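See structure below.
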Amino acid sequence: MRYHVALGGRSYQVDVEAERVAVDGREVDVDLARREGSPVRHLVLDGASWTVVAEPGSDRGRWRLTLSGLSTLEAEVVDERTRAIRAMTGATGAPRGPEPLKAPMPGLIVRVEVAEGEAVEAGAAVVVMEAMKMQNELRSQARGVVRRVLVEPGAAVERGATLVEFDEAGG
């Protein structure tokens with residue numbers, strides 16, 4: 001099965017067969033284990049080990065990935081058939097503006113790095129939260145302006161709680 005993956009501003013073609021995975025034509029050694037009842041996955045890719053929290057995004061095929069508690073990325077995974085349908089109908093699946101920042105897991109807010117009305121660039125630090133005895137810096141996924149900060153330091157949050165909302169950045 002062929003998938004098209006958009007991740008970190010790049011696009012990849014991923015071919016998955018029974019015993020083989022190739023990324024952009026290069027065979028990779030990969031193992032992905034799922035922790036039952038949890039969005040946590042353990043990924044070993046070409047010998048490098050990662051803990052990944054994979055949560056569904058707002059649209060089908062969109063994912064919010066938190067890598068080893070260090071960085072958060074938005075990903076879109078589309079199979080060949082869906083890609084062809086989108087091409088025929090003109091539906092691109094492109095984001096429609098900055099998505100709110102949500103807690104990837106239960107935790108405690110340590111710091112809020114932004115204020116309402118502040119412009120942020122994609123990848124800017126927004127909130128630091130502690131979860132599973134680790135501090136995780138949560139970053140903005142797109143350029144925008146902070147509409148509302150819904151948490152403060154010391155607040156306990158549940159997985160999926162909205163932490164910060166954004167508006168589109170002006171021209």
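How about the stretch 62-82: which of its residues are over 25 Å from residue 126 (Cα atoms) and either open to solvent by 40 Å² or more (accessible area, probe 1.4 Å) or at pLDDT below 85 (or both)?
The initial filter retains those residues of the stretch 62-82 that are over 25 Å from residue 126 (Cα atoms), namely 77-82.
Within the stretch 62-82, 77, 79, 80, 81, 82 qualify.
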Tell me, please, whether a residue that is touching a residue at least 60 places away in the same chain (Cβ under 8 Å), in contact with a Leu (Cβ under 9 Å, 6 or more places away or on another chain) and within 20 Å of residue 129 (Cβ to Cβ) can be found in the stretch 40-51. no
Could you tell me how many of the residues in the stretch 133-153 are open to solvent by 40 Å² or more (accessible area, probe 1.4 Å), under 10 Å from residue 107 (Cα atoms) and either touching a strand residue (DSSP E or B) at 6+ places or on another chain (Cβ under 8 Å) or not in a loop (DSSP other than H, G, I, E, B) (or both)? 2
Pick out, from the stretch 25-65, the strands (runs of 3 or more DSSP E) lying fully within it that include 3 or more residues that are closer than 14 Å to residue 159 by Cβ. 48-56
Looking at residue 108, is it at pLDDT 90 or above, touching a strand residue (DSSP E or B) at 6+ places or on another chain (Cβ under 6 Å), part of a strand (DSSP E or B) and open to solvent by less than 30 Å² (accessible area, probe 1.4 Å)? no
Residue satisfying all of: in the stretch 154-171; in a loop (DSSP other than H, G, I, E, B) and surrounded by fewer than 14 Cβ atoms within 10 Å (Cβ to Cβ); modelled with the highest pLDDT among these: 154
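Quickly run through the stretch 122-137 and pick out the residues that are of a type in the set (Gly, Ala, Ser) and either in contact with a helix residue (DSSP H, G or I) (Cβ under 8 Å, 6 or more places away or on another chain) or at positive phi (or both). Explain how you work it out, then say what you get.
Start the filter on the stretch 122-137 by keeping residues that are of a type in the set (Gly, Ala, Ser), which leaves 122-125, 131.
Matches in the stretch 122-137: 123 only.
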Within the stretch 1-20, work out how many residues are free of Cβ contacts under 8 Å to residues at least 12 places away in the same chain and under 21 Å from residue 53 (Cα atoms). 3
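The values are calculated or read from the model by the stated rules, or taken from the named source; none is laboratory data. Just so we're clear, the structure is a prediction, and the values are computed from it rather than from any experiment. Here the Cβ is made from the backbone with ideal geometry for all residues, glycine too, and neighbour counts use every protein chain on show. The accessibility values were calculated without ligands, DNA or RNA, using every heavy atom of the protein model including side chains. Shrake-Rupley method; radii C 1.70, N 1.55, O 1.52, S 1.80 Å.
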